[in-house]
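Visitor: Here's a structure for you.
Taken together, the values in this text are just the output of simple stated rules run on the coordinates, not laboratory data. Keep in mind that what you see is a predicted model, and the values were worked out from it rather than measured. Every residue, glycine as well, gets a Cβ built from its backbone with ideal geometry; the counts of neighbours run over all protein chains shown.
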Amino acid sequence: MSGNSRTLTYPPEGVGAPKDRHPGPVVELGLPAGTEVFSADDHISLAVDIFYERFPDTMKDQAPRVMNVDGAWVVGMGGTSMLVPEFIEVLMQYDPLAGSHTGDVGARLAALDSEGVAKELAFPNSVLALFGWPDREVRERCFRIYNEHIADVQERSNGRIFGVGLINWWDADGTRRTLEELKALGLKTFLLPLAPGKDLEKRPIDYASSAMDAIWEVIEETQVPIAHHIGESPPATPNQFNAVGIGMLQSVAPFRDLFGKYIFGGILDRHPGLRVGWFEGGINWVPSAIQDADHIAASFRHLANLEVQHEPKHYWDKHMVASFMVDPLGLELVDRIGTDHVMWSTDFPHNESTYGYSNESLAAVVDAVGRETAVGIVGGNIKRFLGLDG
């Protein structure tokens, strides 16, 4: 099944900014009749000033503003963007592209059609700056407003764009409140930050601590799958040259810390009903993480203060999936990962997306695993993760 994946050849000048790419005709891939290509990880910029519009009059002075800066949709306060210049420059490469934002659902669907994509899971972009908003009441209000907005986009897309929601992860009552609202809006998953920030006493939050069990209990009870995504952590040191490329190289491999907490921190032992998706970090990291976890479990068991109930791979097999765009190495190792645990995506409209050459990316999947198995990877697995396969 594995070992025959096609390696894409990049042009010497690179693939260019998404706003300058032009997809070619959709190519027949030989997939079985009725196969829906469902991109498991795309992104959609917020292009409507929803927080200011929907905050009560008494709180409008506290509302983050949605602004367009040189073609990039950003979040800010007092007329100033909260985003660093490097991030704004990245946004400028794709936000001008038709269909990149929530302001034009028709253009969004046309962009999907141009790549032969039937459906997508759409993560937010600059809204993630609100993860660290100091006023928790304002933060939660923003999340709830965003959920309403992206649910409206989902409805107007006639079931083609599935939005990723945001929840309160810092107190159990708020977790329940936001998750119940999210489900009622028809959203199927939510983005949980890799780094949960600090508690009210300014202490770093440990997802695996007993203090977080009430949060995990609510998530488990609601049966909404968890989505984790790359892109939260900036480079640890300054970069004079190619800061964006260096930052992106470290940004695509952020999952091990939280992967370890789910396993060695006992989260999944205490909450076995949780389902976890890892998005945009590829799939080739999975076998090495499991291999290292096996070795670490054996090497440090005599120092452990919590007994882990299963081998590391058990937790991957029972609870987890991951998405990729272009991952020839991961496809070579797909038998170790499990073909029902991997999900293809375009990552539209990001710079690292396959927008403009998704045909080649999809063909590489078919080459690697065959037409029948590819059905799950290019659509079936993300449907199952989201509970849309019933």
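Visitor: Before anything else, pin down the relative contact order of the chain: Cα pairs under 8 Å, at least 6 apart, normalised by residue count, whole percent.
Guide: Relative contact order for the chain comes out at 24 percent.
Visitor: Treat each spin label as a single point 7 Å out from the Cα along the C-beta direction, and report the Glu221 to Leu200 distance in nm.
Guide: Those two pseudo-labels are separated by 2.0 nm.
Visitor: Right, something else. Taking amide H atoms as placed 1.01 Å from N in the peptide plane, list the residues 5 or more away in sequence, or in a different chain, whose amide H sits under 5 Å from that of Asn125.
Guide: Here the answer is Ile44, Leu46, since their amide H atoms fall under 5 Å of that of Asn125.
Visitor: Another question, then. Non-local amide H neighbours of Lys198 (under 5 Å, H modeled in plane, Pro and chain starts lacking H): which ones?
Guide: Under 5 Å from the amide H of Lys198: Ile205.
Visitor: Could you run the Karplus curve 6.51 cos²θ - 1.76 cosθ + 1.60 with θ = phi - 60° over the stretch 379-390 and give me ³J(HN,Hα) per residue in whole Hz, x for Gly and Pro?
Guide: x, x, 5, 5, 4, 5, 4, 8, x, 9, 9, x
Visitor: Output the antiparallel fraction of DSSP beta bridges having both residues in the chain, as a percent to the nearest 5. Mind dumping the intermediate values first?
Guide: Details: 8 of 31 bridges.
Around 25 percent of the beta bridges assigned by DSSP in the chain are antiparallel ones.
Visitor: Only residues of the stretch 248-266 count here: report those whose backbone N is under 19 Å from the spot 7 Å along Cα→Cβ of Gln291, or say none.
Guide: Only 253-257, 259-260 pass the distance filter.
Visitor: If the chain between Arg177 and Asn242 were fully stretched, how many nm would it gain, using 0.36 nm times the residue separation less the Cα-Cα distance?
Guide: Between Arg177 and Asn242, full extension yields an extra 19.1 nm.
Visitor: Now for a separate question. Holding the Cα-Cα limit at 29 Å, pick out from Lys60/Lys119; Lys202/Lys261; Lys19/Lys313; Lys202/Lys383; Lys19/Lys198; Lys188/Lys318 the pairs that are longer than that.
Guide: Violating the 29 Å Cα-Cα cut-off are Lys60/Lys119; Lys19/Lys313; Lys202/Lys383; Lys19/Lys198.
Visitor: Now, a different point. Looking at (1) 142; (2) 153; (3) 169, which value of volume of the Cα convex hull per residue in Å³ comes from a calculation on the structure shown?
Guide: Answer label, from the structure shown: (2).
Visitor: Could you calculate the contour length gain from Arg136 to Val26, that is, 0.36 nm times the residue separation minus the distance between their Cα atoms, to one decimal place in nm?
Guide: 35.0 nm
Visitor: Here is a follow-up. Under the rule that an exposed site lies in a DSSP loop and has at most 16 other Cβ atoms within 10 Å, name the longest stretch of the chain with no GluC sites (Glu not before Pro) of that kind, not counting the sites themselves.
Guide: It works out to 37-200.
Visitor: So how far, in whole Å, is the C-alpha centre of the stretch 39-72 from the one of the stretch 197-242?
Guide: So the two Cα centres are separated by 23 Å.
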